[in-house]
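What follows is a short report on a single structure.
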Amino acid sequence: MDSTQPGHSFPIGSFYSREGVNFSLFSKHATGVELLFFDSREDQEPASVISLDPRVNRTYHYWHVFVPGIQPGQLYGYRVLGPHDPAQGLRFDPEKILLDPYARSVVFSDSCPKSVVVDPDAYDWEGDLPLARPFSQTIIYEMHVAGFTKNPNSGVSEAVRGTYAGMIEKIPYLLELGITAVELMPVFQFDPKTSDGRINYWGYNPVSFFSVHEGFSSKKDPIAAMDEFRNLVKALHKAGIEVILDVVYNHTAEGGEDGPTYSFRGIDNLMYYSLEADKAKYSNYSGCGNSLNANNPIVRRMILDSLRFWVKHMHVDGFRFDLASILSRDGKGRLIENPPILWDIESDPVLAGTKLIAEAWDAAGLYQVGTFVGDSWKEWNGRFRDDVRSFIKGDNGKIKSFISRMIGSPDIFGHQEREPEQSINFVTCHDGFTLYDLVAYEHKHNELNGEGNRDGANDNLSWNCGVEGPSSDPGTEFLREKQMRNFFATVLLAVGTPMLFMGDEVKRTQLGNNNPYCQDNELSWFDWDLVAKNQGLFRFVKIMTAQRLKRDASQVENSMSLKELLDKGQITYHGVKLNATDWSDQSHAIAFSVESLSQKTSMHIMINAYFGTLEFEVPQISQSGKTWRVWVDTGKAAPADIYEWGSGPEFAESHVSVEGRSIVIFVS
């Protein structure tokens, strides 16, 4: 390596050109840096070492060198020298081989993780571009890449089960279901093991913010894994489906004081992490042992560069930010009124038009739903989940909050005069019960996780319909499916952006486990036998998604604020009697009539969360020549539970019986 040149501080990371590779690493507190090259992923010792001379290879706090002749695929790492003084926040260890924080590809092995030189431009996108679909025409499907096809009954060839390539084979299913955007659980390279040695199935423990997770690739080659992911993105785009990544910029797999050292801890612990007053301890707003110091300028730049990389070189359409409220904290954990990193992301020109979704809370109690900073961020609406669960299962005192959730949560978002789709509406997600388990279990059953059933949420606002767990009673199972139809109808009718969870449409169960983060097995995987077994529910969901996308665009126009929509939209509230809404805490019934802004379509929705049948008065249609037709009746078995739009039986009576725990919808 005698021909090395001093190199440059920019760009950060490893930058490939035909002449060679420029390497640049930031470390303010290091006293020395060594660049290591390896011949294979299992090597424990480097094939060659370049010691960087601070007089030649350091500019400000950037250590850099240019190495001629290096090609894509070259494995490398760093040793970073400096004081090991945890009490001062310094954790340098010259024995550790460290990942480049900017590595565009990473490989894991039994010896140590290694970074990989790549040429991010060496891919034929065939003219592909992000789809830029408006939120008003978006239905999100949260899913796990591997879990979608890993089950042997997936019909996917064994060689590609549980991979990006395997997911491509199942795109027709997503299209039939009516999905317009997939929200992929973490695909950044993550530690495949948890800190206590369990399998890390979910992937919320990143070791790299630029590299795709090699474990989801059918080809055990780092560059091929990167291309396989891009093949997936390109195929989804050709099908009209956007790709949203669940990104974890709030913590890393290095964990707390006793965690492993992969990269950041050994490169510059003081810069990358939020530390307590006792600098030997990590601030833990994530619940995972550490918290990134996201508003430190170096970390801010890394997060922005990561996002730009995924948009520019991987063509993703958007991001869902896990525990995004941590990004609102400074290095001491204090809430920042205008967090620089959030405004950086929102205003960045490379990210313009990219979907930005915040999980607007963190594990230390900061809850910002409705107050998250920014003009374009959408927010997971946790109150939608909770209030809808409570009302549908029959809790008292939920009628007002339920209606608020149905009309876009103006009590939460209305003060901002933002678009209706600011609220991401969901009842289930990866974190908690599946939809079937929500109506089949009142208690979590996480014994298989090995934590004595202590993990996972204790309060799930669930109701088991009278029997805990599986039931052979047809009446119990019918009630459960009826409740599931009620939840789907609510999410897909409500003002906002709907999000569904993988497999709910076919009654996927985790047997009451509400935290299967370590269950990489059939408990978590999509069971494809359920598709044939539950065609009735699947049909219900796909007819509702199809109509959601066809509905009068003037009602969900992006340029219209939630306030304008509610002011201009014609919504009339009723109880079981017309114009006589019962808002009392004991009320479990609500009806409302909705007329589209273009006055082309009318809808009358009657919701009975009471256990017994109720008689609802039905309004007359003012326009001559029009009549009510039944669209939805969740109290009926398929196919009478839903009809293709406008094809249901006519209804001309003044009253209708709505069965207990049912939703009936008339349309004209």
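Filter segment 234-268 for residues that are surrounded by fewer than 24 Cβ atoms within 10 Å (Cβ to Cβ) and touching a His at 6+ places or on another chain (Cβ under 8 Å); which is farthest from Gly215 (Cα to Cα)? Only one residue fits best here, namely His237. Any residue at all in segment 427-437 that is of a type outside the set (D, E, K, R), closer than 20 Å to Ser662 by Cα and in a helix (DSSP H, G or I)? Looking for residues that are of a type outside the set (D, E, K, R), closer than 20 Å to Ser662 by Cα and in a helix (DSSP H, G or I), one finds at least one in segment 427-437, hence yes. Counting only strands (runs of 3 or more DSSP E) that sit wholly inside segment 58-164, those with at least 1 residues that are within 18 Å of Phe23 (Cβ to Cβ) are 62-68, 75-81, 114-116.
Checking each residue in segment 181-230 for being part of a loop (DSSP other than H, G, I, E, B) and among the aromatic types (Phe, Trp, Tyr) picks out Tyr201, Trp202, Tyr204, Phe209, Phe210.
Taking the conditions exactly as written (in the same structural domain as Ala358 (by TED's automatic domain parsing) and of a type in the set (Ser, Thr, Tyr)), does Ser263 satisfy them or not? Judged against the criteria, Ser263 is not a match.
For segment 491-532, a residue qualifies if it is buried (at least 23 other Cβ atoms within 10 Å of the Cβ) and hydroxyl-bearing (Ser, Thr, Tyr), and the qualifying residues are Thr497, Ser524.
The helices (runs of 4 or more DSSP H) found entirely in segment 263-357 that carry 3 or more residues being touching a residue at least 24 places away in the same chain (Cβ under 8 Å), of a type outside the set (Gly, Ala, Ser) and closer than 11 Å to Tyr249 by Cα are 297-312. Pick out the one residue from Ser105, Ser115, Ser51 that is within 21 Å of Lys220 (Cα to Cα) and touching an Asp or Glu at 6+ places or on another chain (Cβ under 6 Å). The unique qualifying residue is Ser115.
Of the listed requirements (1) part of a loop (DSSP other than H, G, I, E, B); (2) modelled with pLDDT of 95 or more, Phe37 misses just one: (1).
Tell me whether segment 521-540 contains one or more residues that are part of a loop (DSSP other than H, G, I, E, B), more than 22 Å from the chain's Cα centre (by Cα), more than 23 Å from Gly469 (Cβ to Cβ) and free of Cβ contacts under 8 Å to residues at least 60 places away in the same chain. No, the conditions are met nowhere in segment 521-540.
As a summary of the residue check, Pro6 satisfies the conditions (1) surrounded by fewer than 18 Cβ atoms within 10 Å (Cβ to Cβ); (2) over 23 Å from Gly266 (Cβ atoms); (3) over 37 Å from the mean Cα position of the chain (by Cα); (4) assigned by TED's automatic domain parsing to the domain that holds Leu98 except for the one numbered (4). Taking first residues from segment 1-15 that are aliphatic (A, V, I, L, M) and in a loop (DSSP other than H, G, I, E, B) and partners that are surrounded by fewer than 17 Cβ atoms within 10 Å (Cβ to Cβ) and at pLDDT 95 or above, the Cβ contacts under 7 Å between residues at least 6 apart in sequence or on separate chains come to Met1/Ser48.
When the residues of segment 451-501 are filtered to those that are part of a helix (DSSP H, G or I) and aromatic (Phe, Trp, Tyr), the one that is nearest to Asn534 (Cα to Cα) is Phe478. Taking (1) assigned to a helix (DSSP H, G or I); (2) farther than 22 Å from Ala324 by Cα in turn, Asp395 satisfies each apart from (1).
This table checks each residue for (1) modelled with pLDDT of 95 or more; (2) under 37 Å from the mean Cα position of the chain (by Cα).
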residue	(1), (2)
Asp552	no, yes
Gly569	no, yes
Lys577	yes, no
Glu595	no, yes
Lys636	yes, yes
Gly646	no, yes
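Restricting Lys542, Lys550, Lys563 to residues that are loosely packed, with under 15 Cβ neighbours inside 10 Å and either out of contact with any strand residue (DSSP E or B) (no Cβ under 9 Å at 6 or more places or on another chain) or among the charged types (D, E, K, R) (or both) narrows the list to Lys550. The set of residues in segment 468-490 that are of a type in the set (Asp, Glu) and surrounded by fewer than 19 Cβ atoms within 10 Å (Cβ to Cβ) comprises Glu468, Asp473, Glu477.
The values are calculated or read from the model by the stated rules, or taken from the named source; none is laboratory data. What you see is a predicted model; the values in this text were computed from it and never measured. Methodologically, a virtual Cβ is constructed for each residue, glycine included, from the backbone with ideal geometry; neighbour enumeration extends over all protein chains shown.
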